[in-house]
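So the structure is just underneath, and the comments pick up after that.
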Amino acid sequence: MISVAIDGPAGAGKSTIAKMAAKRLNFIYVDTGALYRTLGYGAHTGGVDIHNEAELESYLENSRVELKFIDGEQRVLLNGEDVSDKIRTPQMGTAASEISAIPRVREYLLDMQRALARTNNVIMDGRDIGTVVLPNAEVKIFLTASPECRAKRRLEDFRQKGENVDFDEVLRLIVERDYQDSHREIAPLKAAEDSVIVDTSDLSLEQSVEKIISTIEEKK
């Protein structure tokens with residue numbers, strides 16, 4: 001089995017690029033950020049105080065997060081409900097960042113992520129895959145781009161979905177998310193020492209995918 005860990009900040013294109021690369025290589029794609037977004041979504045809509053230990057523990061005990069692959073596409077379910085589309089908002093990105101900083105939450109999801117890598121050829125993306133989740137991954141990539149470039153991409157994504165979002169607000173949320181993710185005590189966002197740094201600021205989507213695939217092929 002081959003494990004590919006792709007880490008990087010919000011809006012770097014990890015999900016889109018990793019998904020396309022996985023499809024071409026016939027690997028399973030695992031978007032770990034979706035798992036945290038799902039738990040953040042459930043806590044947000046359920047009024048759960050994630051900083052209250054007892055309340056959080058009760059929430060986790062009563063939450064069932066599942067990954068399903070339908071026609072090669074990952075869908076995420078919370079207690080049987082497909083929330084894949086509902087979790088893709090700037091607010092849920094912030095909720096994911098907040099809940100992912102809690103050790104108990106990371107522990108809750110760790111076994112699920114590692115089990116997928118033990119039984120499949122995977123490309124798994126997130127913020128601590130190469131450093132914590134899959135420290136022995138055969139290939140580690142740190143995918144990044146400038147904050148402004150990432151904000152423009154996110155803005156385009158929202159507009160394609162018919163959502164009217166302000167560029168300055170998207171940029172502010174990305175910079176805020178970068179700070180939260182890189183300064184949290186547990187598993188902060190950083191490149192693993194043996195990772196390949198790939199900056200996609202000046203690359204098209206196709207060029208980025210090709211770069212990732214060539215990096216994987218070289219390391220295999």
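Please treat every number below as a calculation from the coordinates, not as lab data. Since this is a predicted model, take the numbers as computed values, not measurements. Glycine also receives a Cβ, built like all others from the backbone with ideal geometry; neighbour counts cover every protein chain displayed.
Okay, here's what the table says:
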quantity: Label assignment, Cα Rg over 2.2 N^0.38 Å derived from the structure, set (1) 0.96; (2) 1.33; (3) 1.14; calculated: (1)
quantity: Reachable lysines, given that their alpha-carbon falls under 28 Å from the alpha-carbon of K211 and they are not under 8 places away in the same chain; calculated: K14, K19, K23, K68, K140, K152, K161, K190, K219, K220
quantity: Separation of alpha-carbon centers, segment 88-121 and segment 166-220, rounded to whole Å; calculated: 17 Å
quantity: Antiparallel %, DSSP beta bridges [both residues in the chain], to 5; calculated: 30 percent
quantity: Residue order, fewest to most surrounding Cβ atoms within 10 angstrom, among D49, D178, D7; calculated: D49, D178, D7
